[in-house]
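Peer 1: Could you have a look at this structure, given as structure tokens, before my questions?
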Amino acid sequence: MNFEEAKNRIEALSKALHQHNHAYYSLSNPVISDFEFDQLLQELIQLEQQFPELLSENSPSQRVGGSITKNFKTVAHRYPMMSLGNTYNEQELFDFDQRIKKQIGDDFEYVCELKFDGLAIGLTYENGLLKQAVTRGDGTKGDDVTANVRTIKSIPLQLPIGADFPATFEVRGEILMHRTVFEQLNKDRDELGETAYANPRNFASGTLKMQDSKEVAKRNLDCFLYFLIAEQSDLKNHSESLAKLKAWGFNVSPTYAVCKNITEVQHFIQKWDKERYQLSYDIDGVVLKVNNYEQQQDLGFTAKSPRWAISYKFKAAEVETKLLAVTYQVGRTGAITPVANLQPVLLAGTTVKRASLHNADQIEKLDLYEGDIVKVEKGGEIIPKIIEVNKSKRDLFAQKIKYISHCPECGTALIRKDGEAQHYCPNESSCSPQVIGKMQHFTGRKAMNIDSLGDETIEQLYHAGLIKTIADIYDLKNNRNSILSLDRFAEKSVDNLIEGIEQSKKNAFEKVLFGLGIRYVGETVAKKLAAHFRNIDQLMAANFDALIQVDEIGERIAESVIQYFNKAEHLQQIEKLKAAGLQFESNSIEKVVEGENLKGFTFVISGVFSQFSREELKDKIEANGGKISSSISSKLSFLVAGDNMGPSKLQKANELGIKIISEEELLSMIKTLPLQ
């Protein structure tokens, strides 16, 4: 395929993929299967790799992410992102309505919209292409998060050709995370021993400021758009603009309504106060706006907010019930989570029997006593939480609840590290929930993917004494008769179990490494460690300095890796897994070795270069014995500076006295001797 043919095919693929993406995420009406979509996308990616000069920043291929942003640029809003006045009661709504009537009379209507519980975003489009995405920030300026926003599939990168959109305009909306996504991601964090996020809003906010857009893409953020700003527009009111945004391909929630008076507004609020829990995402109220743009102009603004709009905030659903007991759960990493067991009570449409207490500090803060009458809330939290104790109803002889000092499962004394909120059971080798949890993690889909060895089966085999560590899994083929004696096992199921275990030996090193369950070593970190060190022996031998030189490996991860390999039982387990035939060496193609002129030196590459791409320069450095770092520190040897390099890196390098060299000087070092 020549250049012109590739250009035409890329344009056709891009157009088709944009249309299919809109049909799937905005219209909920897919016209092709996921497989067909993936085939088209893969063809596009391959063509763009073959003809990189044809790659557009708004290509559908950019949905998967890939760019790294160390520092988010601060951008001034062209139009301030003002906040709305809030009210929590209907009388204040009536007062708002009366103020409107005094200024513009009775002839007006409202648009009522759900108040999505996420984070505000402003999107600028030029000639139908997404150019910039900026967070609210302080209302006058925010952070440029364009690279991360491009990964959100419900945000169009390119508007339909021929649509009547202005040459330049801004659209605003709310980025959010659906509850099912939130629950799964929090489960993944728990498996890594990381603190769970309290609610989807916080998780979405944290995700949007991640440095690696590939990781953002994995978290499936969503976005509803609800406000259009254009200097030249024939639109007369807000409801027309919502319809227009939808016609242009934006994801506009169908839940809004035009209300003729404050009574209809009340009905809208009452409806959604009841039905909000049926939505897949969180809302915390309703926004009402005067519909007509001329009337909005007449009403004007205060210093902080428009006079023509207000938000009504729902009261968080709460109820009183009795605390029956506090129990403690032990996670795979040994983290202890206290749980309040409650007298069952109906809350927000569901029966609540338990509430999270998070940690010892939370129990102390609430000042909990046995049998307390507690107020339970289900607002932005997925899991109900106790917000306060009704001390007037406390039994005079009740005993204060004291956080446990020993593991409820194995009796080991708990530890709490400085700076951490949770207590841990250190008995990882014998504490049954930890042992079982580690084996369940090891056999899970993202690790060794042994379908025939599900969570319940692992528990059954553990309690039968057949497996005590992950290495024991590979000895099960020698215990066939013992397995057959257990409930629910027949010849065929045992054959499937053993076959699944044998097949797992083919999994790549990075999968095995992730499956080991090293704290803070998730899928992405495991891939980076496997690619950098290439085999388990080099990884085990790596010291702290060697570990933090790996891209995106920080101090906390490095310390955790070192601690893991310092334990004799882990080393013994790895030897058994090696003997069983698992992959502990990367099978990827070895990098070319050209020489050792750069040995002992560490480099950061920044900017645009004339002879090589940044990736090619990285390969050159590593092929000649050098190491690549992602950040500037006092341990850095050289900063290789190209055109358009970020000023912050340059400033930091100068402050630390780091030697700054050009592309030509780097190539000279490779050919001759290192610069002094």
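Laboratory data are not the source of any read-out in this text; all were calculated from the coordinates shown. In this text the structure is predicted, and so the values were computed from the model without any measurement. Note that we place each Cβ from the backbone using ideal geometry, even for glycine, and neighbour counts take in every protein chain shown.
Peer 1: Would you calculate the convex hull of the Cα atoms in the range 602-671 and tell me its volume per residue in Å³?
Peer 2: 74
Peer 1: Among Ser14, Ser33, Ser662, which comes first, second and so on when ranked by fewest other beta-carbon atoms within 10 Å?
Peer 2: Ser33, Ser662, Ser14
Peer 1: Follow-up question, since we're still on this one. If we count other beta carbons within 10 Å of each Cβ, what is the order of Arg354, Arg219, fewest first?
Peer 2: Listed from fewest to most nearby Cβ atoms, that is Arg354, Arg219.
Peer 1: Set the Förster distance to 35 Å, then compute FRET efficiency between Asp619 and Arg78 from the Cβ-Cβ distance, nearest 0.05.
Peer 2: Details: r = 41 Å, r/R0 = 1.18.
Working from the Cβ atoms, E equals 0.25.
Peer 1: Give the residues of the range 134-154 whose amide nitrogen is closer than 15 Å to a point set 7 Å from the Cα of Phe301 in the direction of its Cβ.
Peer 2: Output list for this probe position: 136-142.
Peer 1: Please list the non-local residues whose amide H lies under 5 Å from the amide H of Phe227, H modeled 1.01 Å from N, same-chain partners needing a gap of 5 or more.
Peer 2: Long-range HN contacts for Phe227: Arg172.
Peer 1: Can you compute the FRET efficiency between Glu664 and Lys214 using 1/(1 + (r/R0)^6), with r the Cβ-Cβ distance and R0 = 41 Å? Round to the nearest 0.05.
Peer 2: 0.80
Peer 1: While we're looking at this one, here's another question. Go through Lys315/Lys402; Lys141/Lys313; Lys214/Lys649 and tell me which ones have a Cα-Cα distance over 28 Å in this structure. Numbers along the way, then the final one.
Peer 2: Numbers: Lys315/Lys402 32 Å; Lys141/Lys313 26 Å; Lys214/Lys649 23 Å.
Pairs exceeding the cut-off: Lys315/Lys402.
Peer 1: Sticking with this one: Please identify the cysteines of the chain that lack any partner cysteine with a Cβ under 4.7 Å from their own Cβ.
Peer 2: Among the cysteines of the chain, those whose Cβ sits 4.7 Å or more from every other are Cys112, Cys223, Cys259.
Peer 1: Shifting gears a bit: For the range 153-236, which GluC sites (Glu not before Pro) are in a loop by DSSP, counting at most 13 other Cβ atoms within 10 Å? Intermediate values should be presented prior to the final figure.
Peer 2: Numbers: sites: Glu170, Glu174, Glu183, Glu191, Glu194, Glu215, Glu231; in loops: Glu194, Glu231.
When the GluC sites (Glu not before Pro) of the range 153-236 are filtered for loop state and at most 13 Cβ neighbours within 10 Å, Glu231 remain.
Peer 1: Please give me, ordered by residue number, the GluC sites (Glu not before Pro) of the range 458-558 that lie in loop per DSSP and have at most 16 other Cβ atoms within 10 Å. Working shown, then result.
Peer 2: Details: sites: Glu459, Glu491, Glu499, Glu502, Glu510, Glu523, Glu552, Glu555; in loops: Glu552.
Counting only loop positions with at most 16 other Cβ atoms within 10 Å, the GluC sites (Glu not before Pro) in the range 458-558 are Glu552.
Peer 1: In addition: Can you work out the Karplus-derived ³J(HN,Hα) for every residue in the range 328-333? Use 6.51 cos²θ - 1.76 cosθ + 1.60 with θ = phi - 60°, whole Hz, and x for glycine or proline.
Peer 2: Working through the residues one at a time gives 10, 9, 10, x, 4, 8 Hz.
Peer 1: From the phi angles alone, apply the Karplus equation (6.51, -1.76, 1.60; θ = phi - 60°) to the range 279-293 and give each ³J(HN,Hα) in whole Hz, x where the residue is Gly or Pro.
Peer 2: Rounded to whole hertz, the list is 6, 8, 9, 8, 10, 10, x, 10, 9, 10, 10, 5, 6, 6, 5.
Peer 1: What is the range 417-513 by shape, rounded, prolate or oblate, if you read a ≥ b ≥ c off the alpha carbon gyration tensor as root eigenvalues and call it rounded for a/c under 1.5, prolate for a/b larger than b/c, and oblate otherwise?
Peer 2: It is oblate, given that a/c is not under 1.5 and a/b is not larger than b/c.
Peer 1: Might you report the magnitude of the Cβ-based charge dipole of the chain about its Cα centre, with Lys and Arg at +1 and Asp and Glu at -1, to the nearest 20 debye?
Peer 2: Charge dipole of the chain: 1100 debye, to the nearest 20.
Peer 1: The range 255-346: which GluC sites (Glu not before Pro) are DSSP loop and have at most 11 other beta-carbon atoms within 10 angstrom?
Peer 2: none
Peer 1: Among Ile450, His532, Cys431, flag the residue with its Cα farthest along the positive direction of the charge dipole of the chain, charges on Cβ as +1 for Lys/Arg and -1 for Asp/Glu.
Peer 2: Cys431
Peer 1: Next question. As a quick test, which of the pairs Lys73/Lys271; Lys620/Lys652; Lys15/Lys187; Lys365/Lys567 have an alpha carbon distance above 30 angstrom in this structure?
Peer 2: Violating the 30 Å Cα-Cα cut-off are Lys73/Lys271; Lys15/Lys187; Lys365/Lys567.
Peer 1: Something else now. Starting from the amide H of Gln132, placed 1.01 Å from N in the peptide plane, find each other amide H under 5 Å away whose residue is 5 or more places distant or on another chain.
Peer 2: Under 5 Å from the amide H of Gln132: Thr124.
Peer 1: I've got another one for you. How would you classify the range 539-642 from its alpha-carbon gyration tensor, with a ≥ b ≥ c the square roots of the eigenvalues: rounded for a/c under 1.5, else prolate if a/b is greater than b/c, otherwise oblate?
Peer 2: Judged from the Cα gyration tensor, the range 539-642 comes out prolate (a/c at least 1.5, a/b above b/c).
Peer 1: For the range 627-667, what value does the Rg/Rh ratio take when both radii are computed over Cα atoms and Rh is the Kirkwood radius, given to two decimals?
Peer 2: 0.92
Peer 1: Consider the candidate values (1) 46, 34, 26; (2) 45, 40, 25; (3) 47, 28, 26; state which one is semi-axes √(5λ) of the Cα gyration tensor in Å computed from the structure displayed.
Peer 2: Recomputing semi-axes √(5λ) of the Cα gyration tensor in Å here picks out (2).
Peer 1: Pulled fully out, how much extra length does the chain show between Val319 and Leu656, if you take 0.36 nm times their separation in residues and subtract their Cα-Cα distance?
Peer 2: Values: separation 337, 0.36 × 337 = 121.32 nm, distance 5.69 nm.
That pair, Val319 and Leu656, stretches by 115.6 nm at full extension.
Peer 1: By the gyration tensor of its Cα atoms, with a ≥ b ≥ c the square roots of the eigenvalues, what is the shape of the range 317-393: rounded for a/c under 1.5, prolate for a/b over b/c, or oblate?
Peer 2: Since a/c reaches 1.5 but b/c is at least a/b, the shape of the range 317-393 is classed as oblate.
Peer 1: Taking the Cβ of each residue in Val345, Val134, Val31, Val525 as the centre, tally the other Cβ atoms inside 10 Å and list the residues starting with the fewest.
Peer 2: So the residues, fewest neighbours to most, are Val31, Val345, Val525, Val134.
Peer 1: Quick one: Cα convex hull volume of the range 457-581, Å³ per residue? Please report the intermediate quantities before stating the final value.
Peer 2: Values: hull volume 13.4 nm³, N = 125.
Per residue, the Cα convex hull of the range 457-581 comes to 107 Å³.
Peer 1: Continuing with this model, one more query. For the range 76-313, state what percent of all Cα-Cα pairs lands in each successive 5 Å bin, counting from 0 Å until the bin that includes the largest distance.
Peer 2: For the range 76-313, the binned pair fractions read 1, 6, 13, 17, 18, 17, 13, 8, 4, 2, 1, 0 percent.
Peer 1: About the Cα centre of the range 488-646, what is the dipole size in debye to 20, counting +1 per Lys and Arg Cβ and -1 per Asp and Glu Cβ, all else neutral?
Peer 2: On the way: 20 positive and 23 negative charges, 56 e Å.
Using only the charged Cβ atoms, the result is roughly 260 debye.
Peer 1: Quote the charge dipole size of the range 76-313 about the Cα centre in Debye, to the nearest 20; the model charges only the Cβ of Lys and Arg (+1) and of Asp and Glu (-1).
Peer 2: The calculation lands at about 260 debye.
Peer 1: Add -39500 (n - 2.57) for each DSSP H run of 4 or more in the chain, then divide by its residues: what number comes out at 222 nm, to the nearest 500 deg cm²/dmol?
Peer 2: -11000 deg cm²/dmol
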